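Chemist: Below are the structure tokens for one structure; questions will follow.
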């Protein structure tokens, strides 16, 4: 699987207490959903052992709450 964004999205959605990856219309991705897709593609093209080292933290406040953001990072690194 080249870009497992859908697989990661599905796994993320099993955590009910996390920020939604869908926008207000429940159809389009939220900022967190868009970040997940972009981060997945980035990680597949430029694999790194620790995405936490990269300067993504400065975008955290626009993407998701801290727990949701950290879970997104962990799931992307898993694949």
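Chemist: Quick one: count up the residues across the range 34-53 that are farther than 16 Å from residue 70 by Cβ and either in contact with a strand residue (DSSP E or B) (Cβ under 9 Å, 6 or more places away or on another chain) or in a helix (DSSP H, G or I) (or both).
Modeler: Result for the range 34-53: 7.
Chemist: Same structure again: Kindly indicate the residue of the range 2-16 that is in a loop (DSSP other than H, G, I, E, B) and touching a residue at least 12 places away in the same chain (Cβ under 8 Å) and also farthest from the chain's Cα centre (by Cα) among those meeting that condition. Steps first, answer last, please.
Modeler: Just the residues of the range 2-16 that are in a loop (DSSP other than H, G, I, E, B), to begin with: 2-4, 13-16.
Remaining after also requiring touching a residue at least 12 places away in the same chain (Cβ under 8 Å): 2-4, 15.
On the way: 2: 16, 3: 13, 4: 11, 15: 13 Å.
Filtering first and then ranking leaves 2.
Chemist: I would also like to ask the following. Any residue that is in contact (Cβ under 8 Å) with a residue 40 or more places away in the chain, on the phi < 0 side of the Ramachandran plot and within 11 Å of the chain's Cα centre (by Cα) - is there at least one of those in the range 40-62? It would help to see each step written out before you state the result.
Modeler: Step one: of the range 40-62, the residues in contact (Cβ under 8 Å) with a residue 40 or more places away in the chain are 44.
Keeping just the survivors that are on the phi < 0 side of the Ramachandran plot gives 44.
With the extra rule that they be within 11 Å of the chain's Cα centre (by Cα), the set shrinks to none.
So far as the range 40-62 goes, no, none of its residues is in contact (Cβ under 8 Å) with a residue 40 or more places away in the chain, on the phi < 0 side of the Ramachandran plot and within 11 Å of the chain's Cα centre (by Cα).
Chemist: Is one or more of the residues making up the range 47-54 touching a helix residue (DSSP H, G or I) at 6+ places or on another chain (Cβ under 7 Å) and at pLDDT 85 or above? I'd like the intermediate steps shown before the answer.
Modeler: Step one: of the range 47-54, the residues touching a helix residue (DSSP H, G or I) at 6+ places or on another chain (Cβ under 7 Å) are 51-52.
If we keep only those that are at pLDDT 85 or above too, we end up with none.
Checked against the condition, which is being touching a helix residue (DSSP H, G or I) at 6+ places or on another chain (Cβ under 7 Å) and at pLDDT 85 or above, the range 47-54 yields no hits at all.
The values are calculated or read from the model by the stated rules, or taken from the named source; none is laboratory data. Remember, it's a predicted structure, so these values are computed and weren't measured experimentally. Neighbour counts run over all protein chains shown; Cβ positions are idealised from the backbone, glycine included.
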